[in-house]
Amino acid sequence: MARYWLMKSEPFKYSWDDLVAEKEGLWDGVRNHRAKNNLAAMKVGEEAFFYHSREGLEIVGVATISVEGILDPTDPEGKWAAVKIKPKSKLNRPVTLKQIKAEPKLAECELIRLGRLSVAELTKAEWDTILEMGGGLSGEVQSPRVTACEAR
């Protein structure tokens, strides 16, 4: 049975747009045991919300797990896990942490209960609620770009 995930990244370090530009990103550098166990539990094809932490504080898109069970190359001792992800789609509208906290259906969500956890598991009901709050998937992976002519 598929599981559902939420992965946090500080956008000034690695943003949704960085993932889109790379087409496939390595999710490494996680140094929390519960988050490590979540990474190790991920399977190819499962999906994760991509959450911008510190700046934005919002879920902006959905990524797909493309490679599972990798040893984290940033760990010389080989104790930490990593996965690779690919961008699937942006949400039609970002879902903010404030909106998530205000939604009673998400009161038990790991994002709320374990706020510092960088890789969290979601229930199917939590996943569906957040996806609905975001207006579903846009089908687009890239952020809209404003050209100089459009900005005038």
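Observations, loosely collected:
- Pairing residues of the stretch 3-29 that are within 19 Å of residue 115 (Cβ to Cβ) with residues that are charged (D, E, K, R) and assigned to a helix (DSSP H, G or I), at Cβ distances under 8 Å and at least 6 apart in sequence or on separate chains, gives 4/124; 4/126; 6/110.
- Residues that are assigned to a loop (DSSP other than H, G, I, E, B) and β-branched (Val, Ile, Thr), drawn from the stretch 86-128: 123
- Total residues in the stretch 70-85, condition loosely packed, with under 15 Cβ neighbours inside 10 Å and either touching a Leu at 6+ places or on another chain (Cβ under 6 Å) or part of a loop (DSSP other than H, G, I, E, B) (or both): 6
- Against the conditions (1) within 18 Å of residue 26 (Cβ to Cβ); (2) under 17 Å from the mean Cα position of the chain (by Cα), residue 106 satisfies every one except (1).
- Inter-residue pairs, beta-carbon under 9 Å, first assigned to a loop (DSSP other than H, G, I, E, B) and in the stretch 54-69, second acidic (Asp, Glu) and surrounded by fewer than 21 Cβ atoms within 10 Å (Cβ to Cβ), 6+ apart: 54/10; 55/10
- Residues that are outside any strand (DSSP E or B) and closer than 21 Å to residue 92 by Cα, drawn from the stretch 29-51: 46
- Residues (exposed (fewer than 15 other Cβ atoms within 10 Å of the Cβ) and not in a helix (DSSP H, G or I)) located in the stretch 14-28: 23, 24
- Inside the stretch 41-86, residues that are of a type in the set (Gly, Ala, Ser) and either touching a Gly at 6+ places or on another chain (Cβ under 8 Å) or at negative phi (or both) make up a count of 8.
- The stretch 37-46 - residue that is more than 12 Å from residue 84 (Cβ to Cβ) and in contact (Cβ under 8 Å) with a residue 60 or more places away in the chain and, of those, surrounded by the most Cβ atoms within 10 Å (Cβ to Cβ): 38
- Scanning the stretch 58-79 for residues being under 22 Å from residue 111 (Cβ atoms) and at pLDDT below 95 gives a total of 0.
The values are calculated or read from the model by the stated rules, or taken from the named source; none is laboratory data. Owing to the predicted nature of the structure, the values given are computational and were not obtained by experimental measurement. Every residue, glycine among them, receives a Cβ derived from its backbone with ideal geometry; neighbour counts consider all protein chains shown.
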